[in-house]
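The values are calculated or read from the model by the stated rules, or taken from the named source; none is laboratory data. Note that the structure is predicted; figures quoted are calculated from it, not measured. Please note: Cβ atoms are built from the backbone with ideal geometry, for glycine as well, and neighbour counts cover all protein chains shown.
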Amino acid sequence: MTDVVEIPFHAENAPRYAHADDAGADLMASESVTLAPGARALVGTGVAIALPEGYAGFVVPRSGLAAKHGITVVNSPGTIDAGYRGEIKVTLLNTDQNTAFDVEVGDRIAQLIIMPVSRATFIPVAELPESVRGTSGFGSTGVRG
């Protein structure tokens with residue numbers, strides 16, 4: 001069974017899970033906006049939450065909007081820190097080159113994933129330990145399997 005964490009919220013409509021085993025809870029638009037082809041907009045959800053210390057929220061795109069309409073979240077994942085108490089807003093981008101997309105109040109526009117996070121202590125060293133990958137970066141594993 002998955003751990004359940006209680007998240008206090010202030011909103012007319014709470015984020016909600018469509019299925020019992022979903023990782024992300026749907027966030028709905030609290031305002032209407034038209035996204036022209038290639039345009040982006042900051043869309044309110046009307047939701048504010050109080051995450052406990054040691055947790056963060058991550059706002060991610062909805063796969064159906066991306067696949068069917070080319071709508072994505074620009075800064076995905078958008079990070080919500082535990083200390084933030086303001087409205088969750090989503091920066092949507094219409095990647096479709098030809099068709100505008102209308103967002104209506106109540107539309108599911110993104111998902112919110114709540115996760116525990118660790119704090120790091122960064123320790124300066126003269127040299128990093130070796131690894132199999134080393135400094136190989138972007139594209140180093142190729143495209144084909």
- prompt: Regarding residue 38, is this residue in contact with a strand residue (DSSP E or B) (Cβ under 8 Å, 6 or more places away or on another chain), in a strand (DSSP E or B) and touching a residue at least 24 places away in the same chain (Cβ under 8 Å)?
  reply: no
- prompt: From the list 20, 11, which residue is at pLDDT below 95 and exposed (fewer than 14 other Cβ atoms within 10 Å of the Cβ)?
  reply: 20
field: Number of positions in the stretch 58-104 that are in a strand (DSSP E or B), in contact (Cβ under 8 Å) with a residue 24 or more places away in the chain and among the polar types (S, T, N, Q)
entry: 2
field: Test for residue 33: is it more than 14 Å from the chain's Cα centre (by Cα), surrounded by 15 or more Cβ atoms within 10 Å (Cβ to Cβ) and touching a residue at least 24 places away in the same chain (Cβ under 8 Å)
entry: yes
task: Write out, first by first residue and then by second, each pair whose Cβ atoms fall under 8 Å of each other, whose residues are 6+ apart or on separate chains, and whose first residue, in the stretch 4-22, is β-branched (Val, Ile, Thr) while the second is modelled with pLDDT of 90 or more and not in a loop (DSSP other than H, G, I, E, B).
output: 5/55; 5/114; 7/49; 7/114
field: Top-ranked residue in the stretch 111-145 [being modelled with pLDDT of 95 or more and surrounded by 10 or more Cβ atoms within 10 Å (Cβ to Cβ); ranked as nearest to residue 73 (Cα to Cα)]
entry: 111
